[in-house]
Amino acid sequence: MAGRINDDDVKAVRDAVPIDAVVSEYLQLRNAGGGNLKGLCPFHDEKSPSFHVSPAKGLYHCFGCQEGGDTVDFVMKIDHLSFAETIERLASQAGITLRYEEGGYTPGRQQGERTRLVEAHKAAAQFYVDQLDSPEAEIGRKFLAERGFDQAAAQHFGVGYSPAGWDHLTRFLRGRGFSDQELVLSGLSQEGRRGPIDRFRGRLMWPIRDIAGEVVGFGARKLRDDDNGPKYLNTPETPIYRKSQVLYGIDLAKKEIAKTSRAVVVEGYTDVMACHLAGITTALATCGTAFGEGHIKILRRLLMDNSGSEVVFTFDGDAAGQKAALRAFEDDQKFAAETSIAITPGGMDPCDLRLAKGDQAVADLVESRTPLFEFALRHVVSRHNLDTTVGRAAALDEAAPIVANIKNSSIQHESAVQLAGMLGILDTQFVVRRVGQLARWARERGRDGGGPGQGRPQHRGPAQAPEQQRPAPGAGGPALNLRSPAHRVERELLKLALQRPDLVSPAFDAYGADEFTAPPYAVVRQCIEDAGGAAAGAADSGYVPRVREAAPDDTVRAMVTELAVEPLHTRRDPDEAYAGVQLVAVRLAAVNQRVTEIRGTLQRLGPRADPEHLAAVQNELWVLQQYGQALRERGYAAL
């Protein structure tokens, strides 16, 4: 049975790995103000960023889908890992050696399944790299040299060689402590007549890394004529490898993609290498499958759905290339980015082009791109006989919806005029009106729930969140109406108590949970008290995690995370004056509520009430009224 990871080591891992560094491996983050960062949520589709990260608190929260937590929660969620696997991965990144209780640390036995498979791929990748220097791999080195790749290029991309024997890698990994079951599950080995044998034999090997840079699979290129397998053989679907969710080169390209707001999609591993060596370091490729929905999601998170960003597809000019381009155009509306196409001359791919004409030719290819919709438009028009009225009408029927789907309205208008010219229709305005009508119908369908975005919720950012109805923590709890001024100010005060406890201490700790009129906020206030109070948290980095641990259930814990990450409603940095306004507002609301309750009590007592009791109630009312007046006149000084 696997041992339990030592609690002190878990804490050390949480403290050692900054959450913004981890999240940035998966999506682009931008400044959200107040020390927070924001980006497109990786857990649901959205068009505007509502995913916020607080590096200071080590927390994230999405105000669209309500996912939130700390670094460990994020990695567990996005990579579908267990808690132990997540701690092991983060510990490896931080260089922390973990201790396991219940029997000590036994490498290879106590790691989670995904961690073991990733470790096997890491060892296999190094094995293949080492084999590329062997005499047998001369054919592989020759293949690379003939395509313009020297030893430095091979090392940069981690290219290796798999020996032609039956079980060289299998025996090597067994010696590293991996079981036969793990090797078959990883896709590195396959069942043979007498046990596992190597899946890849006598081939040039490209390691396929995920966006975090971990090797999760391989692409293998045939080198010998007596190899009866396919030209390219890829890792099969495994627990860590889904070809529809990985892009070759993403680990090398992601920073430049985020920086330049451009991604270049090519068709093969050598094309990615050629582009990067030619200075196009935003190039990446799919791994033995068509560019699809999963790949789009990866790029959208890196491009932040910026309308000024661009995705450039490169395809050969042959029939297969044109078919691939049109298939890519079908997904055009799933991008906020503009999509373009660069057709390689003479049927050459970027690798061939670099070899024939040099690095500049590859750069020029990308710069010569044309909008993908324009390519699709010309393709559609070319299928019709424009010399006849019927042919022109049919071409217009098929082409007008393409123009109507163009996101940029000014480009849409110009393209409608261009379409009229392509079709030879003299009445340009007729075509423009036709396209405009189709575009309006598409927008109306979208508003009614139809069209490409059918069923997709429109998420508000955190600035609009307080205007919504939110469910209260706890099953069956009442809806939390954040339109209430009292609830809004209570929320703001709790945010300050979690994010800037130094500004509200020590006054905040004198507030009772009953001063928070929204039941969920009263629970959070109690959690803060149970964690030692805001005063104790003013100089303690472990304060917010303690508050989260004090939460009675996951729903309250999620609200604590949300409040710790949500931006404060001030355009400048919060100060003591701003905090004082919130403190006074919450206390005054509580005083006013108690005054209302006492007046109701006096009305119920009536003139026949016990004089002593009546005097006590009236005295309490007078004291509260005086206190309320002082709060209104003197503000924070009256607390």
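Among the candidates 633, 566, 620, 549, single out the residue that is under 19 Å from residue 513 (Cβ atoms) and of a type in the set (Asp, Glu).
Unique residue meeting the criteria: 549.
Considering every residue within the stretch 326-337, establish whether at least one is of a type in the set (Gly, Ala, Ser) and at pLDDT 90 or above.
Looking through the stretch 326-337, none of the residues is of a type in the set (Gly, Ala, Ser) and at pLDDT 90 or above.
Could you give me the residue pairs with C-beta distances under 7 Å whose first residue belongs to the stretch 133-151 and is in the same structural domain as residue 165 (by TED's automatic domain parsing) and assigned to a helix (DSSP H, G or I), whose second residue is of a type in the set (D, E, K, R) and surrounded by 13 or more Cβ atoms within 10 Å (Cβ to Cβ) wherever it lies, and which are 6+ apart or on separate chains?
none
Just checking, how many residues over the stretch 416-450 are modelled with pLDDT of 85 or more and not in a helix (DSSP H, G or I)?
Matching residues across the stretch 416-450 total 4.
Residues checked against (1) at pLDDT 95 or above; (2) under 17 Å from residue 205 (Cβ atoms); (3) not acidic (Asp, Glu):
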| residue | (1), (2), (3) |
| --- | --- |
| 92 | no, no, yes |
| 102 | no, no, no |
| 123 | yes, yes, yes |
| 155 | yes, yes, yes |
| 161 | yes, yes, yes |
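Got a sec? Which of 538, 522 is hydrophobic (A, V, I, L, M, F, W, C) and at pLDDT below 90? Explain how you work it out, then say what you get.
Details: 522 fails: at pLDDT below 90.
Checking each option against the conditions leaves just 538.
Restricting to the stretch 230-259, give me the number of residues that are free of Cβ contacts under 8 Å to residues at least 24 places away in the same chain and in contact with a strand residue (DSSP E or B) (Cβ under 9 Å, 6 or more places away or on another chain).
2
Residue check: is residue 120 touching a residue at least 24 places away in the same chain (Cβ under 8 Å) and surrounded by 18 or more Cβ atoms within 10 Å (Cβ to Cβ)? Reasoning before the result, please.
Numbers: touching a residue at least 24 places away in the same chain (Cβ under 8 Å): yes; surrounded by 18 or more Cβ atoms within 10 Å (Cβ to Cβ): yes.
Here the answer is yes, as residue 120 does meet what is asked.
Please go through the stretch 513-549 and give me each residue that is part of a loop (DSSP other than H, G, I, E, B) and touching a Ser or Thr at 6+ places or on another chain (Cβ under 7 Å), ordered by number.
538
For residue 203, are the conditions met, namely being basic (Lys, Arg), surrounded by 23 or more Cβ atoms within 10 Å (Cβ to Cβ), over 27 Å from the mean Cα position of the chain (by Cα) and over 24 Å from residue 296 (Cβ atoms)?
Yes.
Can you pull out every residue in the stretch 308-325 that is at pLDDT 70 or above and not in a helix (DSSP H, G or I)?
If the condition is that a residue be at pLDDT 70 or above and not in a helix (DSSP H, G or I), then 308, 309, 310, 311, 312, 313, 314, 315, 316 are the ones that fit.
Which pairs do you get when a residue that is under 16 Å from residue 626 (Cα atoms), found in the stretch 579-591, comes within reach of a residue that is of a type in the set (Ser, Thr, Tyr) and in a helix (DSSP H, G or I), reach meaning Cβ atoms under 8 angstrom, with the pair 6+ apart or on two chains?
584/636; 591/627
State all residues of the stretch 491-545 that are among the acidic types (Asp, Glu) and either outside the structural domain of residue 583 (by TED's automatic domain parsing) or touching a residue at least 12 places away in the same chain (Cβ under 8 Å) (or both); if no residue qualifies, say none.
Those that are among the acidic types (Asp, Glu) and either outside the structural domain of residue 583 (by TED's automatic domain parsing) or touching a residue at least 12 places away in the same chain (Cβ under 8 Å) (or both): 492, 502, 509, 514, 515, 529, 530.
Just one of (1) at pLDDT below 90; (2) out of contact with any Ser or Thr (no Cβ under 8 Å at 6 or more places or on another chain) trips up residue 354, so point out which.
Answer for residue 354: the failing condition is (1).
Quick check on my filter: what residues within the stretch 344-370 are surrounded by fewer than 19 Cβ atoms within 10 Å (Cβ to Cβ) and in a strand (DSSP E or B)?
Answer for the stretch 344-370, where residues must be surrounded by fewer than 19 Cβ atoms within 10 Å (Cβ to Cβ) and in a strand (DSSP E or B): just 370.
Name the residue that is nearest to residue 278 (Cα to Cα), counting only residues in the stretch 142-185 that are touching a strand residue (DSSP E or B) at 6+ places or on another chain (Cβ under 6 Å) and small (Gly, Ala, Ser).
Per the criteria, the residue is 158.
Could you count how many residues in the stretch 253-268 are surrounded by fewer than 24 Cβ atoms within 10 Å (Cβ to Cβ) and closer than 18 Å to residue 148 by Cβ?
Going through the stretch 253-268 one residue at a time, the tally reaches 2.
Looking only at the stretch 539-560, decide whether some residue is among the hydroxyl-bearing types (Ser, Thr, Tyr) and surrounded by 15 or more Cβ atoms within 10 Å (Cβ to Cβ). Please lay out each step first, then the result.
Going through the stretch 539-560, the residues among the hydroxyl-bearing types (Ser, Thr, Tyr) turn out to be 541, 543, 555.
Restricting the remaining residues to those that are surrounded by 15 or more Cβ atoms within 10 Å (Cβ to Cβ) gives 543, 555.
Looking for residues that are among the hydroxyl-bearing types (Ser, Thr, Tyr) and surrounded by 15 or more Cβ atoms within 10 Å (Cβ to Cβ), one finds at least one in the stretch 539-560, hence yes.
Just give me the residues in the stretch 152-177 being farther than 18 Å from residue 218 by Cβ, part of a loop (DSSP other than H, G, I, E, B) and either over 35 Å from the mean Cα position of the chain (by Cα) or of a type in the set (Phe, Trp, Tyr) (or both), in sequence order.
none
The values are calculated or read from the model by the stated rules, or taken from the named source; none is laboratory data. Here the structure is a predicted model, which is why all the values come from computation and not from measurement. In this analysis, Cβ positions are derived from the backbone assuming ideal geometry, glycine residues included, and neighbour counts consider all displayed protein chains.
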